[in-house]
Amino acid sequence: MAEIDDLRDQLAETRIELEKVKLRATTTLSGAEFLTLIMMAPMVAAFVILGIIIVWKTTSNPSSVAPHLDIILVSFAIFSCPVTAGLASITSRFTEEKRKNDN
């Protein structure tokens, strides 16, 4: 009879550990996190596409881009601050969630 009780205790402990592993493995998004991701996706895409266009146009036809390069780089710099801030916000939220799950 003691063996059966020991097995039940081990089974209960295993179930508890399994639930803890499931909680660590799942990531849930709150409404604010989801909206942040949705709003940041077009900005990040525009930032990356603008960077690609700047490099492509500058290397393919530098004589026509050179007079306007300062304006192009200003627009790129304007995009960099909100994109960096948004990505930092998203990263900090996921880091906080990971810390909560680890404890």
Can you give me the span-like helices of the chain, meaning DSSP H runs with 20 Å or more of Cα extent along the axis and Kyte-Doolittle mean at or above -0.5? 31-60, 69-102
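Short version: what are the Cα gyration tensor semi-axes of the chain, square root of 5 times each eigenvalue, largest first, in whole Å? Don't jump to the answer; show the numbers that get you there.
Working: eigenvalues 575, 37, 17 Å².
Computed over the chain, the values are 54, 14, 9 Å.
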Anyone know which of Arg24, Arg93, Arg15 comes out most mobile in the 10 Å Cα GNM of the chain? Arg15
Net dipole in debye of the chain [+1 Lys, Arg Cβ; -1 Asp, Glu Cβ; about Cα centre; nearest 20]: 620
So which aspartates and glutamates can Lys57 reach, going by Cα to Cα under 18 Å and dropping same-chain residues fewer than 8 places off? Asp70
Of Gln10, Gly86, Leu23, farthest towards positive along the dipole that unit charges on Lys, Arg, Asp, Glu beta carbons give the range 5-103: Gly86
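Go ahead and estimate [θ] at 222 nm for the chain from helices alone: -39,500 (n - 2.57) per DSSP H run with n ≥ 4, summed, over the residue count, rounded to 500.
On the way: 4 runs with 92 residues, N = 103.
Here the helix-only value at 222 nm equals -31500 deg cm²/dmol.
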Highest GNM mean-square fluctuation among Leu11, Leu73, Leu37, for the chain with Cα springs under 10 Å, belongs to Leu11
Once you put a point 7 Å from the Cα of Asp70 and another 7 Å from the Cα of Arg24, both along the Cβ direction, what distance in nm separates them? 5.6
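Rule-based calculations on the coordinates, nothing more; no lab input. Everything numeric in this text was worked out from a predicted model, so none of it was measured. Reconstructed Cβ throughout: ideal geometry from the backbone, glycine too, with neighbour counts over all protein chains shown.
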